[in-house]
Structures are given as structure tokens and as C-alpha cells.
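One structure is given here, and the rest of the page talks about it.
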Amino acid sequence: MSQYNQTHNAEHNKAMGRAQTEKRFENLCGDSWTTQEILAQGFSRKTLDTFVKHGLIERVKRGYYVRKSV
């Protein structure tokens with residue numbers, strides 16, 4: 001039972017984290033940015049990395065990002 005709870009909670013927390021990231025992503029203006037432009041919109045580097053990790057934006061080259069088509 002504890003293994004089930006551990007697995008279920010991990011899946012649930014991952015889904016909740018993804019939903020929270022997508023909600024924050026809605027506030028990102030534009031379709032292409034530099035790192036500094038994203039930071040100027042109030043996002044942290046950690047959030048920027050999370051956007052990339054979840055496939056919401058793509059790192060084109062160092063310091064340059066584009067919105068990925070979904």
C-alpha cells in the first residue's frame with residue numbers, strides 16, 4: 001500500500017507541477033526571446049529552465065528561446 005501511495009503521489013505531484021508551470025507560461029509575452037527579455041518579464045532562471053524541461057519553449061542557441069508549437 002505504501003508503494004502505491006508513493007507512486008501515486010509522485011505522479012500527482014508531477015502533474016500538478018506541470019499544470020502550475022503551464023499556468024505561469026500563459027503570462028509570458030511574445031514568441032521569441034533572449035534570456036534577458038524573459039528575466040525582465042519577472043521570470044527566474046529556474047522557471048526558464050522548467051519551461052524548457054516541459055517543452056513549452058525551445059532553446060535555439062545560448063541565450064535565445066522560441067515558443068514551441070503545441
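The values are calculated or read from the model by the stated rules, or taken from the named source; none is laboratory data. Computed from a predicted structure; not experimentally measured. Here Cβ is always computed from backbone atoms with ideal geometry, including for glycine, and neighbour counts include all displayed protein chains. Accessible surface areas use protein heavy atoms only, side chains included; no ligands, DNA or RNA. Shrake-Rupley method; radii C 1.70, N 1.55, O 1.52, S 1.80 Å.
Structure above, values below:
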quantity	calculated
Residues being aliphatic (A, V, I, L, M) and touching an Asp or Glu at 6+ places or on another chain (Cβ under 9 Å) - total across the stretch 1-60	2
Single residue of the stretch 41-70 satisfying the filter (of a type in the set (A, V, I, L, M, F, W, C) and open to solvent by less than 70 Å² (accessible area, probe 1.4 Å)) that is farthest from K23 (Cα to Cα)	V66
Long-range neighbours under 6 Å by Cβ, at least six apart or interchain, first residue modelled with pLDDT of 95 or more within the stretch 41-70, second of a type in the set (G, A, S) and open to solvent by less than 90 Å² (accessible area, probe 1.4 Å)	V66/S32
Scope the stretch 14-40; condition open to solvent by 100 Å² or more (accessible area, probe 1.4 Å) and either out of contact with any strand residue (DSSP E or B) (no Cβ under 9 Å at 6 or more places or on another chain) or modelled with pLDDT under 85 (or both); matching residues	K14, M16, Q20, K23, E26, N27, Q36
